[in-house]
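A short write-up of the structure that comes next.
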Amino acid sequence: MLKSETPTVSLVTMLEATDEPAVGDFVADVLGESGWQIESLRKRSSRLSPPDGYWAMYEIAIRKDEQERSLRLVARGAFSRDAWDELSARLVRHTNGPCDPIGGIGFPRLFHESQHAFWFYPFDPAMPGLPSASDPATMAGVLLGLGARAPRDLEAYPQIEIERVRYTPEIGAILRYTMQTSAGPLTVYGKVQPGDRGLRAQRIVEGLWEASTAQPQGLLRLPRPLGWIEQYGLLLKESIPGEPVGSDRMSEEFQNAGIAAAEALAVIHESGVETDIEIWLENELDRLERVADQFAYVHPDGHFLLSDLTTHLRNRARISMDEEWLPTHGDLKYDQFVYHEGTFTLLDFDYFAVAETSYDLGKYCGYLVPSAPASWEDTVAAEQIRARFLRRYLELRPHATIQRFPIYEALTLGLRAMTFMWAQRSGWQRIAETFLVMAHERLYSRIPETI
């Protein structure tokens, strides 16, 4: 390991500096004499990426007399000195005022000794347009045609409501905009991302819309993009009815999503949509190798299993034939589908790329494996869905090259182990080991005979 990567803050110190008591003390200090009091505080998520990064997000309910509000606080840390110097400089560049989540913006507050910072949504150093995209007056100007900025009198614009659907620090935020019209409520969705990722996604989806019209109706359904707001990094999309497919392997929608995924992927693979990103197997294996080094910090047994898996993956890749390169979704999983009255709509084309045929086939199957099966029936159901998914795909593309499918499925299972390491949820070590053992088994197993 390079000297500059040597941690200067331990994991124990980082967790203590960003745990619930520390966050509670910080929030109480920020609220000060405002009259707002903390009602409840809980950690919603965390992510660990040693030696450089740690993220945690907290949900905080506060009250003042009869008023209630919900805040999102982000704890962001860096273990190495170089990483902290880079992070703190970036946060300072984007800080334009005090940390005021009540009357303004919750800009970062830095703690150099423990190498961490706190900030409140909608501030985000990677998405400077997020506060504007979350502001009703600003979005009134965008959505209702009131000019670049509407008057600040929000009482004049009760017809616009903004709901935070999902926020992942430094990665993206999904917002729901609801407008009252003479015909009733009108809902559109917005996604804020770093840089011009939204513009890229808009162009990809427009290309897929054209491609889907040349295929049998219903094989690929996706939400239509409505517009790109460059200054906020905001992509607007139409609202679609339904709910995301859940994780219950025994449910009808989960099982049918496998068929929908095969059909959607077949259309995408035949679409010819161009993109500027390529996914190389060698790069994915390098990524997995770097993760193995991270496991050494927190799970020595996992480090051994993952290092061994990487070696076997490289050996199999070296002797296998290359596959056809095709446009692909890049993140095909069951929860990327919205289910409504028998139809499935595919979401999220942020990772759209060109890759070998089996890349998304392996990813979808790798995510069918339950992390916490309720019973043996969940595992059996996942195996059956896997076989139906592959069978349906090959019905639509019988000449597809899938000789590297076992490699990509095992790779996905290894990356899922990485995800649980990052999240640091209770019992993650056991889950990570299970995925790594299964990855070894999948790598040397035959593709289901049922296809």
Checklist entry - How large is Rg over Rh for the chain, taking Rg from the Cα atoms and Rh as the Kirkwood inverse mean of 1/r across Cα pairs? => result 0.97
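Please give the direction-averaged projected area of the C-alpha convex hull for the range 6-144, in square nanometres with one decimal. Don't jump to the answer; show the numbers that get you there.
On the way: hull surface 36.4 nm².
The orientation-averaged projected area of the Cα hull of the range 6-144 comes to 9.1 nm².
Write out the trypsin sites (Lys or Arg not before Pro) in the range 383-451 meeting two conditions: DSSP loop, and at most 10 other Cβ atoms within 10 Å of their Cβ. Walk me through the numbers on the way to the answer.
Numbers: sites: R386, R388, R391, R392, R404, R416, R425, R430, R442, R446; in loops: R404, R425, R446.
Filter output for the range 383-451: R446.
Determine the calculated [θ] at 222 nm for the chain from helices alone, applying -39500 (n - 2.57) to every DSSP H run no shorter than 4 residues and normalising by the residue count; nearest 500 deg cm²/dmol.
Working: 13 runs with 184 residues, N = 451.
Mean residue ellipticity, 222 nm, calculated: -13000 deg cm²/dmol.
Sum up the charges of everything whose Cβ sits under 12 Å from the Cβ of A439, counting Lys and Arg as +1 and Asp and Glu as -1, but leave A439 out. Walk me through the numbers on the way to the answer.
Values: positive: R316, R416, R442; negative: D308, E409, E433, E441.
Combined, the nearby Lys, Arg, Asp and Glu give -1.
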Checklist outcome for this item: With the dipole of the range 294-451 defined by +1 on each Lys or Arg Cβ and -1 on each Asp or Glu Cβ, the option from T345, H312, C365 whose Cα lies farthest towards the positive pole is H312
Checklist entry - Taking the Cα centre of the range 300-451 as the origin, how large is its charge dipole in debye, to the nearest 20, when only Lys and Arg (+1) and Asp and Glu (-1) carry charge on their Cβ atoms? => result 280 debye
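Taking K and R as +1 and D and E as -1, what net charge do the other residues with C-beta under 10 Å from the C-beta of R404 add up to? Mind dumping the intermediate values first?
On the way: positive: R316; negative: D322, E323, E356, E409.
Cβ neighbours under 10 Å give a net charge of -3.
Quick one: compute the contact order of the range 244-331, relative version, from alpha carbon pairs under 8 angstrom and 6+ residues apart, as a percent.
Numbers: 42 pairs, mean separation 30.0, N = 88.
For the range 244-331, the relative contact order is 34 percent.
Under 12 Å from the Cβ of T178, count the other residues' Cβ atoms, weight Lys and Arg +1, Asp and Glu -1, and hand me the total.
Numbers: positive: R176; negative: E161, E163.
Taking every other residue near T178 into account, the sum is -1.
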Item to check | Spatially near lysine pairs across the chain, Cα under 21 Å, sequence gap of 8 or more or different chains | outcome: 4
Checklist entry - So, with a 1.4 angstrom probe, what is the percent of accessible area on the chain that is carbon and sulfur? => result 49 percent
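Over all directions, average the projected area of the Cα convex hull of the range 246-314 and note it in nm².
Values: hull surface 30.3 nm².
So the Cα hull casts an average projection of 7.6 nm².
Which value, in Å², gives the accessible area per residue of the chain when a 1.4 Å probe is used on the protein heavy atoms?
Working: 21240 Å² over 451 residues.
With all protein chains present, the chain gives 47 Å² per residue.
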Checklist outcome for this item: Rh (Kirkwood, all Cα-Cα pairs) for the range 163-279, Å, reads 16.2 Å
Item to check | Point-to-point label distance, S445-M179, nm (Cα→Cβ direction, 7 Å offset) | outcome: 5.0 nm
Checklist outcome for this item: Rounded to whole angstroms and listed largest first, the alpha-carbon spread of the range 294-451 along its three principal axes comes to 44, 42, 32
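The values are calculated or read from the model by the stated rules, or taken from the named source; none is laboratory data. Predicted model, so just to flag it, every value in this text is computed and none were measured. We place every Cβ from the backbone using ideal geometry, glycine too, and count neighbours over all the protein chains shown. These area figures cover heavy atoms from the full protein model, side chains too; ligands, DNA and RNA do not enter into them. Shrake-Rupley method; radii C 1.70, N 1.55, O 1.52, S 1.80 Å.
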